[in-house]
Amino acid sequence: SINQKKGLVIGDRLEGIILPTLDQGTVNIDNYLGKRLILFMWALGEHAVNNASMAGYYSRLREHNIDILSVAVDAQGPVLARPYVEMAGLQFPTVIDSENILGHVFNFKAIPNVVLIEPSGVIDRKRT
């Protein structure tokens, strides 16, 4: 689900994005308002191993009211992403963006990507 314009830049507000989780639930980006949020967008293969390094930072980040949302950008859905997430032992949620919604919202042409969202929902930084 998307209620967002495309091509967001630093200073714009991210809102209204709802994506499915690995276990058939959903995550609404708006639920992270009030916290800093790191969106880590990745795909299967070599970039998936970066999840393990993000996992190592997670407990320290939470101490500073920062959360991580792992975004598997894969058209094949959760079946292929799940083993990578389990292998990395992630303690933060992973959503599946099989339609590359966030790629279009941020105008990303390649992955992996990291986006830092302020507690107000405003985009602070984008890195490809």
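The values are calculated or read from the model by the stated rules, or taken from the named source; none is laboratory data. Please read these numbers as outputs of a predicted model, since none were measured by experiment. Here Cβ is always computed from backbone atoms with ideal geometry, including for glycine, and neighbour counts include all displayed protein chains. The protein model used for the area step is the full one, side chains on, heavy atoms only, and it has no ligands, DNA or RNA in it. Shrake-Rupley method; radii C 1.70, N 1.55, O 1.52, S 1.80 Å.
In whole percent, what relative contact order does the chain give with Cα contacts below 8 Å and a gap of six or more residues? Don't jump to the answer; show the numbers that get you there.
On the way: 255 pairs, mean separation 46.2, N = 128.
Relative contact order of the chain: 36 percent.
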FRET efficiency estimate (nearest 0.05) - Cβ-Cβ, Met87 to Asp124, R0 41 angstrom: 0.85
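Please list Val79, Val114, Val71 from largest to smallest accessible area, probe radius 1.4 Å, with all protein chains kept in place. Mind dumping the intermediate values first?
Details: Val79 110, Val114 35, Val71 0 Å².
Correct descending sequence by accessible area is Val79, Val114, Val71.
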Would you work out the charge dipole size for the chain about its Cα centre, treating the Cβ of every Lys and Arg as +1 and the Cβ of every Asp and Glu as -1, and quote it to the nearest 20 debye? 340 debye
Straight-line reach from Lys6: which aspartates and glutamates have a Cα under 13 Å away, not including same-chain ones fewer than 8 places off? Glu15
Placed amide H near Ala43: partners under 5 Å, 5+ positions off or other chain: Ala48, Val73
Simple SL model, points at 7 angstrom along Cα→Cβ for Glu99 and Asn65; separation in nm is 3.4 nm
What list of ³J(HN,Hα) values in whole Hz, one per residue of the stretch 13-24 in order, does the Karplus curve 6.51 cos²θ - 1.76 cosθ + 1.60 (θ = phi - 60°) give from phi, with Gly and Pro shown as x? 9, 9, 7, x, 9, 10, 10, x, 8, 5, 9, 6
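Just by accessible area at a 1.4 angstrom probe, what is the order of Thr94, Thr26 from largest to smallest? Provide the component values of the computation, followed by the final result.
Values: Thr94 10, Thr26 100 Å².
If we order Thr94, Thr26 from most to least accessible, we get Thr26, Thr94.
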Between the modelled labels at Thr26 and Ala75 (7 Å from Cα along Cα→Cβ) the distance in nm is 2.4 nm
